[in-house]
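The values are calculated or read from the model by the stated rules, or taken from the named source; none is laboratory data. For clarity, every value in this text was computed on a predicted model and none was experimentally measured. Cβ atoms come from the backbone with ideal geometry, glycine included; neighbour counts cover every protein chain shown.
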Amino acid sequence: MHIHNEKYIIERNTKKIKELRQRFGKNLLFTDCIDLDPIKVIDLYRNKDLIENDFKLLHDPDLIRIQPVRHWTDTKIRIFVFCCVMALLLIKDLQRIAADRGVQLSAHVLKDELSDLEQTLLVYPDKRTATVFTERSTIQKKLWDIIELQSYADELTQHFND
């Protein structure tokens, strides 16, 4: 009886494989953009995964976390979603800037590397101040230069010295 079941499963899977092979590689794409080149339509279709991945980043609890929404009024919900979308745009823009300079990082790695950068302001009794930054990894040093974080650090330090 056991052998009979295996034979049935093999025959059934073979039939399914034949059905899939008949449909393999055939897609119909519909568009209302009749002015677009067919190659462009195919490229746009293939790039839809990039947009879907961005929506996944919006829902990622370790990155942006658009859900759950803990607001009750429409205006607060709109503002919350706006802030989440702006956070996504910021992360994607930082990824693009880093990629243009030869540093390919995922959104999670980028966030983690930038989150590990810390600045400490030391205030002495005689009212002198000194700014100390954490040790930076190789990636953090590259990001520091790419995003030009030194200028922001200088502005922040100047604000505390005023």
Condition met for Leu63 (surrounded by 12 or more Cβ atoms within 10 Å (Cβ to Cβ) and under 16 Å from the mean Cα position of the chain (by Cα)): yes
Any hit, the range 140-158, residues being of a type outside the set (S, T, N, Q), outside the structural domain of Lys56 (by TED's automatic domain parsing) and touching a Phe, Trp or Tyr at 6+ places or on another chain (Cβ under 8 Å): yes
Residues (free of Cβ contacts under 8 Å to residues at least 24 places away in the same chain and not β-branched (Val, Ile, Thr)) located in the range 131-147: Phe133, Glu135, Arg136, Lys141, Asp145
Leu28 assigned to a loop (DSSP other than H, G, I, E, B) and of a type in the set (A, V, I, L, M): yes
Among residues of the range 105-127, those that are more than 19 Å from Gln150 (Cβ to Cβ), modelled with pLDDT of 85 or more and either surrounded by fewer than 10 Cβ atoms within 10 Å (Cβ to Cβ) or small (Gly, Ala, Ser) (or both), counted: 5
Residue check for Ile97: β-branched (Val, Ile, Thr), farther than 24 Å from Thr134 by Cα and surrounded by 11 or more Cβ atoms within 10 Å (Cβ to Cβ): no
Residue count for the range 60-83, restricted to those that are among the β-branched types (Val, Ile, Thr) and closer than 30 Å to Val109 by Cβ: 5
Residue that is farthest from the chain's Cα centre (by Cα), among those in the range 128-148 that are hydrophobic (A, V, I, L, M, F, W, C) and surrounded by 12 or more Cβ atoms within 10 Å (Cβ to Cβ): Phe133
Residues that are closer than 17 Å to Thr138 by Cα and touching a residue at least 12 places away in the same chain (Cβ under 8 Å), drawn from the range 110-124: Leu110, Lys111, Glu113, Leu114, Asp116, Leu117, Glu118
Some residue of the range 50-70 being basic (Lys, Arg) and under 30 Å from Lys26 (Cα atoms): yes
